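The next block holds one structure in the form of C-alpha cells; read it before the comments.
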Amino acid sequence: MCAESGGLSAGKGPLWPRIMPRGAAVIAYRGKRGIVWRIKYVDGDGRQVMETIGGDRRAAEAALYDRLTRVEREGYRRPAPTTFADAFKGWFDATSSRKQWRESTRRQYRIVEPRLVDEFGSSRLTAIRRADVAIYVTARMKKAAPSTVSRELTVLHSVFEWAISNELLDRNPADGVPHPRTTRRRGHALRPEQVQALSRSFVNEADRAIFLTLVLTGVRRNELRGLRWRNVDLIENVLRVEDSKTDTGVRAIAITPTLAEELWQHRRATSFSGEDERVFCHPETGGPLDPADFRDALNAAFKKAGLDKPEGFRPFHDLRVTAITNDALAGANPIAIMAKAGHANMATTKVYLKLAGVVFREEAELLECRLLGLSTPLSTHLAAPEPVLADSAPLEQALLT
C-alpha cells in the first residue's frame, strides 16, 4: 500500500495548493487486479472517511477535491451505507404514499421490482456505477422489448433520485445512460364483419361478454380486470372506470343496449355478483381474470368463425384499438373519443385517428362556410358568397388579432 498526500498532481501541475486539511489523502492500494485508488478525508461530522474510487488516479484526485470543497461549504457527510434493495423499498413506500398511487400503478412497479433487485439488490448504492446500469440495459435488451427496458431504466433513475434527496447517494448512476429506441407498433383494428362473426363464435357466454365490453367501450386490460359490479349501472347504462393507470383514465362510459343486456345476463349467470365482486373473474375463485384464459377463448373464436387472426394480434390491446378506430370511422367527435378512451392528451388520440384515416370532411365544409360566407356547408359555389353580418365584425376582428 502506498499513500500520497502531497500536491495531488493531475497531469501538469497540482490540482490545488499542496497544503491540504489534515488526514486528507489519495491512497494507492495494490490488489490482485492492480492499483485501485482510494481517498481519505474527514467529513462534516468529524468522521474519518475512506472511499474507493477506482483505477484512475486523476478521478480519485478530483473526487477528493470535490469532497473537501463540499465539507467546507456545506458540511458534507458521506451517505450511510444502503443496499439497492433497501433503497427500492424506501422509494416505493415514500413515493406511493406521496403520489397516492392507484392499485394498478402499484402492481406495475411490483412487476419491475424483482428484475431490478435481482441485478442490484445486494449492491451498496455508492458502489453502483453508470457502467453497471449500462451493462444491465444492454443485457435486458436481449430478453425484453425496448419499451420494457426503457420503463425499467426510468424506475432505476427515480430510485436513485430518491436516494440523493435522502442523502444516501451523491450522484445518479443512471444519468447519461441512453434509453433504448422504441417504435410504436401499429395496432390491428378488426372490421365490423369480423367483430360480428367473432361475437357469434364464443362457446362461453362470459368470454363473449368480455369481448363485447372490450370492443364497445375500449377499456384497457387492467381496467377490465379491475371492474366491480358497483361500477356497472345497468339502469342508467353507464360503466365507471375507477381503477386506471392515470387520473385521466378515471371516467364514465355509456353502455349500449346490446352490451347492457349481455352484462345483465352475465351477472345473472355468475357466482360472483356482489357489488364489490369482480365483473370478470376466475370462474371458480372470483379472483382476477387470467388474461391467458380469454386469449385462448378468442383464438378458438377466430378458428370457429373461419377467420385468420392478424399476425402479432394482441387480444386486449388490439380490441381496444378496434373500439377506438371504429369509433372514429363512425364519426365520433375527437374530443369524445379522447374522453372515452381515457387518453391524457389529443396526441395519443391522433394515433388512432390516423389509423382510421379520418379526414373530418364535415368540419372542413363548415370552415369553408364560415370563412367564405356560404349559406350551407354542402355548397361549393364560390361565385357569390354571402356578406358577413355587420354585428359580427368585432368578434371577427378579435379572433384575427
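The values are calculated or read from the model by the stated rules, or taken from the named source; none is laboratory data. Predicted, not measured: the structure shown is a model, and the values here were computed from it. Neighbour counts are summed over all protein chains in view; Cβ atoms, including those assigned to glycine, are modelled from backbone coordinates with ideal geometry.
Selection over region 241-262 of residues that are over 20 Å from Thr322 (Cα atoms) and either acidic (Asp, Glu) or free of Cβ contacts under 8 Å to residues at least 60 places away in the same chain (or both) gives a count of 4.
For region 301-353, a residue qualifies if it is on the phi > 0 side of the Ramachandran plot and modelled with pLDDT of 85 or more, and the qualifying residues are Gly306, Gly312, Gly342. Within region 226-240, being closer than 24 Å to Asp290 by Cα and surrounded by fewer than 20 Cβ atoms within 10 Å (Cβ to Cβ) holds for Arg228, Trp229, Arg230, Asn231, Arg240.
For region 135-185, a residue qualifies if it is more than 16 Å from Val112 (Cβ to Cβ), surrounded by 13 or more Cβ atoms within 10 Å (Cβ to Cβ) and of a type in the set (Gly, Ala, Ser), and exactly one does: Ala163.
Applying the criterion of at least 3 residues that are β-branched (Val, Ile, Thr) to the helices (runs of 4 or more DSSP H) found wholly in region 190-271 leaves 205-217. Of all residues in region 138-172, those satisfying the criterion of being part of a loop (DSSP other than H, G, I, E, B) and either over 18 Å from Lys89 (Cα atoms) or hydroxyl-bearing (Ser, Thr, Tyr) (or both) are Lys142, Lys143, Ala144, Ala145, Asp170, Arg171. Applying the set (1) in contact with a helix residue (DSSP H, G or I) (Cβ under 8 Å, 6 or more places away or on another chain); (2) more than 23 Å from Arg220 (Cβ to Cβ); (3) acidic (Asp, Glu) to Asp118 leaves exactly one unmet item: (1).
Per-residue answers, yes or no, for (1) outside the structural domain of Val232 (by TED's automatic domain parsing); (2) touching a helix residue (DSSP H, G or I) at 6+ places or on another chain (Cβ under 9 Å); (3) buried (at least 17 other Cβ atoms within 10 Å of the Cβ); (4) not β-branched (Val, Ile, Thr):
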position	(1), (2), (3), (4)
Ile255	no, yes, yes, no
Thr258	no, yes, no, no
Arg268	no, no, no, yes
Glu284	no, no, no, yes
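Under the condition of being hydrophobic (A, V, I, L, M, F, W, C) and out of contact with any Ser or Thr (no Cβ under 9 Å at 6 or more places or on another chain), which residue from region 87-111 is nearest to Glu152 (Cα to Cα)? Residue satisfying both the conditions and the ranking: Ile111.
Let's see how each residue does on (1) touching a strand residue (DSSP E or B) at 6+ places or on another chain (Cβ under 6 Å); (2) assigned to a loop (DSSP other than H, G, I, E, B); (3) over 14 Å from Arg220 (Cα atoms); (4) free of Cβ contacts under 8 Å to residues at least 60 places away in the same chain:
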| position | (1), (2), (3), (4) |
| --- | --- |
| Glu284 | no, yes, yes, yes |
| Arg295 | no, no, yes, yes |
| Leu298 | no, no, yes, no |
| Phe316 | no, no, no, no |
| Ile324 | no, no, no, no |
